[in-house]
Amino acid sequence: TQLLEQSPQFLSIQEGENLTVYCNSSSVFSSLQWYRQEPGEGPVLLVTVVTGGEVKKLKRLTFQFGDARKDSSLHITAAQPGDTGLYLCAGPRDQTGANNLFFGTGTRLTVIP
Amino acid sequence: DTGVSQNPRHKITKRGQNVTFRCDPISEHNRLYWYRQTLGQGPEFLTYFQNEAQLEKSRLLSDRFSAERPKGSFSTLEIQRTEQGDSAMYLCASSLVARGTEAFFGQGTRLTVV
């Protein structure tokens, strides 16, 4: 079974601080995605990483895929209250990428103004 | 087409009643997923379709749950004889096979069983 463990589970920081959240697995993933979910809404896709070592930037968000494609991180620079939400990593349940999408446990981020 | 649409947004039902949810995916998407999410957890996979074929069902999906996707367009998820433990957010997502598992989610249906 491929498990995606995210840490920390909860994170509360002041506006303007930097933070990093992690997504780890003992299995290799052909790709990983990051989603953000706000209360009462569905998850929204932020990025997909495919190549080991890949780094992608989305404004103040930086996503990295581990060299071995077993882990990923999300770094937020100068966090803002609008970044508050549940951050989920997800990947295909099998290594061919053809199967359904499996989600991690999530990191709930609160940015205090 | 602005995205995945789910109806209703909220449903309150008495224990033992049947409920049905509808999902309209993004029109050109051939893959459709159903997930269940409880408070503080990530979405749990229930089932998915490629066109009209239901390719996989989770062991979480008891006999009381059934999903259909007639003609490969919209999908319905029915829960029979609801139980309090069925209370959750039910999420639908769609994707293109060519884009792997990049999924676009609806806003969900919040089910409360009283």
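The values are calculated or read from the model by the stated rules, or taken from the named source; none is laboratory data. Since this is a predicted model, take the numbers as computed values, not measurements. A quick note on method: Cβ atoms are made from the backbone with ideal geometry, for glycine too, and the neighbour counts reach across all protein chains shown.
Every residue in region B:14-53 that is surrounded by 17 or more Cβ atoms within 10 Å (Cβ to Cβ), more than 20 Å from B:GLY3 (Cα to Cα) and over 11 Å from the mean Cα position of the chain (by Cα), please.
Answer for region B:14-53, where residues must be surrounded by 17 or more Cβ atoms within 10 Å (Cβ to Cβ), more than 20 Å from B:GLY3 (Cα to Cα) and over 11 Å from the mean Cα position of the chain (by Cα): B:VAL19, B:GLY42.
For A:THR110, which of the numbered conditions (1) within 19 Å of A:GLN37 (Cβ to Cβ); (2) more than 14 Å from chain B (Cβ to nearest Cβ); (3) out of contact with any Cys (no Cβ under 8 Å at 6 or more places or on another chain); (4) of a type in the set (Ser, Thr, Tyr) fails to hold?
Failing condition for A:THR110: (2).
Here is a yes/no grid of residues against (1) in a loop (DSSP other than H, G, I, E, B); (2) within 11 Å of chain B (Cβ to nearest Cβ); (3) over 17 Å from A:CYS23 (Cβ atoms):
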| site | (1), (2), (3) |
| --- | --- |
| A:GLY42 | yes, yes, yes |
| A:VAL47 | no, yes, no |
| A:LYS56 | no, no, no |
| A:ALA68 | yes, no, no |
| A:ALA90 | no, yes, no |
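Could you check A:GLU38 against (1) surrounded by 15 or more Cβ atoms within 10 Å (Cβ to Cβ); (2) in contact (Cβ under 8 Å) with a residue 40 or more places away in the chain; (3) not polar (S, T, N, Q) and say which number it fails?
Every listed condition holds for A:GLU38 apart from (1).
Can you tell me which residue in region A:101-113 is surrounded by the most Cβ atoms within 10 Å (Cβ to Cβ), limited to those that are hydroxyl-bearing (Ser, Thr, Tyr) and modelled with pLDDT of 95 or more? Give the steps one after another, and end with the answer.
Applying the first criterion (hydroxyl-bearing (Ser, Thr, Tyr)) to region A:101-113 yields A:105, A:107, A:110.
Within this subset, residues satisfying the condition of being modelled with pLDDT of 95 or more are A:107, A:110.
Details: A:THR107: 23, A:THR110: 13.
Once the filter is applied, the top-ranked residue is A:THR107.
In region B:64-95, which residue that is part of a strand (DSSP E or B), touching a residue at least 60 places away in the same chain (Cβ under 8 Å) and not hydrophobic (A, V, I, L, M, F, W, C) is farthest from B:VAL4 (Cα to Cα)? Even if it seems obvious, please write down each step before you answer.
Here is the first cut: in region B:64-95, the residues part of a strand (DSSP E or B) are B:65-68, B:75-79, B:88-95.
Next cut, touching a residue at least 60 places away in the same chain (Cβ under 8 Å) only: B:78-79, B:90-95.
Cutting the leftovers down to not hydrophobic (A, V, I, L, M, F, W, C) gives us B:78, B:90, B:94-95.
Details: B:GLU78: 18, B:TYR90: 13, B:SER94: 7, B:SER95: 10 Å.
So, considering only residues that are part of a strand (DSSP E or B), touching a residue at least 60 places away in the same chain (Cβ under 8 Å) and not hydrophobic (A, V, I, L, M, F, W, C), the one farthest from B:VAL4 (Cα to Cα) is B:GLU78.
From the list A:ALA79, A:ALA98, exactly one residue is modelled with pLDDT of 95 or more, assigned to a loop (DSSP other than H, G, I, E, B) and farther than 28 Å from B:LEU111 by Cβ. Which is it? Give the steps one after another, and end with the answer.
Working: A:ALA98 fails: modelled with pLDDT of 95 or more.
When all the criteria are applied, what remains is A:ALA79.
Please go through (1) free of Cβ contacts under 8 Å to residues at least 60 places away in the same chain; (2) surrounded by 15 or more Cβ atoms within 10 Å (Cβ to Cβ); (3) in a strand (DSSP E or B) for B:LEU61 and return the number of the only condition it doesn't satisfy.
(3)
Can you work out which of the residues in region B:78-114 that are loosely packed, with under 14 Cβ neighbours inside 10 Å and of a type in the set (Asp, Glu) is nearest to the other protein chains (Cβ to nearest Cβ)? Reasoning before the result, please.
Keep residues of region B:78-114 that are loosely packed, with under 14 Cβ neighbours inside 10 Å, which gives B:78, B:81, B:83-85, B:97-99, B:112, B:114.
Next, only the ones that are of a type in the set (Asp, Glu) stay: B:78, B:83.
Working: B:GLU78: 20, B:GLU83: 23 Å.
Going through the qualifying residues, I end up with B:GLU78.
Can you go through A:THR48, A:THR77, A:THR62 and tell me which one is in contact (Cβ under 8 Å) with a residue 12 or more places away in the chain and crowded, with 19+ Cβ neighbours inside 10 Å?
Details: A:THR77 fails: crowded, with 19+ Cβ neighbours inside 10 Å; A:THR62 fails: crowded, with 19+ Cβ neighbours inside 10 Å.
That would be A:THR48, the only listed residue that is in contact (Cβ under 8 Å) with a residue 12 or more places away in the chain and crowded, with 19+ Cβ neighbours inside 10 Å.
Residues checked against (1) of a type outside the set (A, V, I, L, M); (2) under 10 Å from the mean Cα position of the chain (by Cα); (3) exposed (fewer than 15 other Cβ atoms within 10 Å of the Cβ); (4) assigned to a loop (DSSP other than H, G, I, E, B):
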position	(1), (2), (3), (4)
A:ILE13	no, no, no, no
A:GLY16	yes, no, yes, yes
A:VAL21	no, yes, no, no
A:GLN33	yes, yes, no, no
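Determine if region B:11-25 includes at least one residue that is within 14 Å of another protein chain (Cβ to nearest Cβ) and touching a helix residue (DSSP H, G or I) at 6+ places or on another chain (Cβ under 8 Å).
The answer is no, given that none of the residues of region B:11-25 is within 14 Å of another protein chain (Cβ to nearest Cβ) and touching a helix residue (DSSP H, G or I) at 6+ places or on another chain (Cβ under 8 Å).
Show the residue pairs that are 6+ apart or on different chains and have beta-carbon atoms under 9 Å apart, the first residue being within region B:17-44 and farther than 19 Å from A:GLY91 by Cα and in a loop (DSSP other than H, G, I, E, B), the second being among the acidic types (Asp, Glu) and at pLDDT 95 or above.
That search, which allows pairs on different chains as well, returns B:ASN18/B:GLU78.
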